[in-house]
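Data block below; observations after.
Here, each number is a calculation from the coordinates, and none is a lab measurement. Bear in mind the structure is a predicted one, so any value in this text is a computation, not a measurement. Positions of Cβ are generated from backbone atoms using ideal geometry, with glycine treated the same way; all protein chains shown enter the neighbour counts.
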Amino acid sequence: MEKWKEPIYITSPVLPELSNFTNQLEKIWESHILTNNGAMHKELEINLKTYLKVPSITLMSNGTIALLLGLKGLELSGEVIVTPFTFPATTEALDWLGLTPVFCDIESETYTIDVSKIESLITEKTSAILGVHVFGNICKVEAIQEIADRYNLKVIYDGAHAFGATYNNEPIGRFGDLTMFSFHATKLFNTIEGGGLVYRDQSLYERLYLLKNFGISGPENVVLSGLNGKLNEIQAAMGIEVLKLVESERLKRKEVQKKYIKHLDGIKGIRIINVNTTDSNSFQYFPIEVDEMNFGLSRDQLHNKLVSHNIISRKYFYPLCSTFEWYSDNKSADAVNLPVATNVVERVLCLPFYGDLDENVILYIKELFITK
Ligand code: T4K
């Protein structure tokens, strides 16, 4: 088959009309306030709180810094139970705080933390459970909270893929002690780079504000050791405009997902991982699982075939975080403890997924799947 005429990437960022963005920039130029909690930042905070239906939000320069400062804000110590099937940022945030990741295996259906394996990993050093709503699949939040309550642990969610998702009609940001969202360009909602923490305990706001602003509480007061995690006014302006487009992008992605399901469902050896086409989905990625025996090609062979035809699929999240060289002394990182994740990481492929994805591309992908 001939190559697709141009590269089709995993995503295409949601971009506002340029004139709408420049109108916002004009306001920034007039104000001369470029960063440090300016008017745009304040406006975006309010708009996001409303959109996400959460009582509190703290905006940050990116999702990784948000996670890092969120963990710091909760004053964790010792060990944190986390999954290895995630973007490196999740466990790197733990590393930077001197916290030890204790790797827990994942469920084979959703790739989220396997709740049945958490308890056996808890020691007297455990301070928290860090769940990842990977690909927008929601962790078993109630069961996790039940364990956390029994052992007096904090619960943090990496919700980088879960912006706008709900669980049993509850906004996803209302679970656990903190949820991090990424506002990176590749996310459903973006501020170019950016991130945020949402939480119920409003007393955290002050502490998180200090943490992202060098611990400075006033012109002559530095009260704790923070760093620079601020979202600037240009990022916030982008966010204000992109947020206006998020609902229509979600609707478009819902239709794209339905088309993918229609065209790929039933292909032997291919499992569509997230079949949820209701409004509870975050519509962030479209991952599939490739079973080589039944499909006839391995995930890597399919990936290479797609890429050579200009369909730039991605092997998220290969390699597993537990295989990073610096965890070689961490016993929980041993593959024998992580059989599901070790298997799944060789089989998952994310296909291009965004609102303006043409159905013809999906049909072309289907052709590539069925012509071996
Ligand atoms: N936790 C989880 C579970 C995460 O997935 C992430 C980030 C984080 C934490 C950390 O959040 P942040 O600190 O990033 O806010 C991308 C993103 O950089 C990263 O944000 C994201 N997860 C990860 C899953 O994907 P790469 O290295 O795959 O990005 P890149 O540059 O290869 O982009 C993918 C494709 O998107 C490109 O081939 C083309 C397209 N693209 C990309 C950019 C940046 C565009 O069309 N325009 C763009 O501006 O990491």
Report the trypsin sites (Lys or Arg not before Pro) located in the range 109-152 that are in a DSSP loop and have at most 16 other Cβ atoms inside 10 Å of their Cβ, or state none.
LYS125
Set of lysines near LYS305 by C-alpha distance (under 21 Å), chain-local residues within fewer than 8 positions excluded
LYS3, LYS5, LYS268, LYS315, LYS366, LYS372
Centroid-to-centroid separation of the range 153-217 and the range 4-46 [C-alpha atoms, Å]:
20 Å
Please give the length that would be gained between ASN20 and GLU75 if that part of the chain were fully extended, namely 0.36 nm times their separation in residues minus their C-alpha to C-alpha distance (nm, one decimal).
15.7 nm
What translational diffusion coefficient, to the nearest whole µm²/s, does the range 186-257 have by Stokes-Einstein, given a Kirkwood radius computed over alpha-carbon pairs, a temperature of 37 °C and 0.692 mPa s viscosity?
226 µm²/s
Once the Cβ-Cβ distance between SER280 and TRP29 is put in as r, and R0 is 35 Å, what FRET efficiency do you end up with, to the nearest 0.05?
0.30
FRET E, pair ALA39, LYS258, Förster distance 51 Å, beta-carbon r, rounded to 0.05
0.80
Hydrodynamic radius (Kirkwood) for the chain, which is based on Cα pairs only, to one decimal in Å:
21.5 Å
Computed ³J(HN,Hα) along the range 349-358: with the Karplus parameters 6.51/-1.76/1.60, θ = phi - 60°, integer Hz and x for glycine or proline, the list is 9, 9, 9, x, 8, 6, x, 8, 5, 6
Running a GNM on the chain with Cα contacts under 10 Å, which residue among ILE57, ILE216, ILE311 ends up with the highest mean-square fluctuation?
ILE216
When the chain is modelled as a GNM with alpha-carbon springs shorter than 10 Å, which of VAL307, VAL223, VAL345 fluctuates the most?
VAL223
Connecting C-alpha atoms closer than 10 Å in a GNM of the chain, tell me which of GLN301, GLN145, GLN235 has the biggest fluctuation.
GLN301
Give me the one-decimal nm value for the distance between modelled label points at GLU220 and LYS53, 7 Å along each residue's Cα-to-Cβ direction.
4.8 nm
Evaluated at q = 0.16, 0.18, 0.21 Å⁻¹: base-10 log I(q)/I(0), Debye formula over Cα of the range 111-256
-1.00, -1.15, -1.32
